[in-house]
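Data block below; observations after.
The values are calculated or read from the model by the stated rules, or taken from the named source; none is laboratory data. Please read these numbers as outputs of a predicted model, since none were measured by experiment. Here the Cβ positions follow ideal geometry from the backbone for every residue, glycine too, while neighbour counts run over all protein chains shown. What goes into the accessible areas is simple: the full protein's heavy atoms, side chains included, and nothing from ligands, DNA or RNA. Shrake-Rupley method; radii C 1.70, N 1.55, O 1.52, S 1.80 Å.
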Amino acid sequence: EFVEYYKNTYFEEVYNILKKKYKLGRVRLLLKEPRSTLSWHRDPEPRLHIPIITNPGCRMVIEDKAIHMPADGSVWITNATKYHNAFNGGEENRVHLVACLTDYKFH
């Protein structure tokens, strides 16, 4: 179900493009404030990330690998079923569009 507030916006356009390629669960915008960290955890399914606002101090750590996802229009698929966290060590907000992928298999 798509939230009425975002109908006929660019977010709906992006959502419609993504749902043609992926079986989506919950889709939302996530904010990580400066100098903050998400706890070490696992999720029940993989996640799709589209960075919207980021900075060089932002990293996602999955097991023993840290990655920076630039806000360049790229779509990132992360194996959130493994232990991971995210942190923003920078001075500005980090915002990602994040979607649960309900039927995605890593090769």
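Before moving on, here are some points about what is shown:
- The stretch 13-42: number of residues that are outside any strand (DSSP E or B) and open to solvent by 50 Å² or more (accessible area, probe 1.4 Å): 14
- Which numbered condition ILE62 fails, given (1) over 20 Å from LYS105 (Cβ atoms); (2) free of Cβ contacts under 8 Å to residues at least 24 places away in the same chain; (3) in contact with a His (Cβ under 7 Å, 6 or more places away or on another chain): (1)
- The requirement of being among the hydroxyl-bearing types (Ser, Thr, Tyr) and in contact with a strand residue (DSSP E or B) (Cβ under 9 Å, 6 or more places away or on another chain) is fulfilled somewhere in the stretch 49-58, by at least one residue.
- Restricting the stretch 83-107 to residues that are under 19 Å from LEU18 (Cβ atoms) and outside any strand (DSSP E or B), the residue that is most open to solvent (accessible area, probe 1.4 Å) is LYS105.
- Some residue of the stretch 75-82 being open to solvent by less than 90 Å² (accessible area, probe 1.4 Å), over 11 Å from the mean Cα position of the chain (by Cα) and among the small types (Gly, Ala, Ser): no
- Residue pairs meeting the criteria (Cβ under 9 Å; at least 6 apart or on separate chains; first on the phi > 0 side of the Ramachandran plot, in the stretch 31-49; second open to solvent by 30 Å² or more (accessible area, probe 1.4 Å) and of a type outside the set (D, E, K, R)): ARG35/PHE87; ARG35/GLY89
- Among the candidates TYR10, TYR6, residue that is among the hydroxyl-bearing types (Ser, Thr, Tyr) and surrounded by 13 or more Cβ atoms within 10 Å (Cβ to Cβ): TYR6
- Filter result (assigned to a loop (DSSP other than H, G, I, E, B), under 16 Å from LEU29 (Cα atoms) and of a type outside the set (S, T, N, Q)) within the stretch 53-69: MET69
- Residue in the stretch 97-105 that is among the acidic types (Asp, Glu), more than 10 Å from the chain's Cα centre (by Cα) and farther than 24 Å from GLU12 by Cβ present: no
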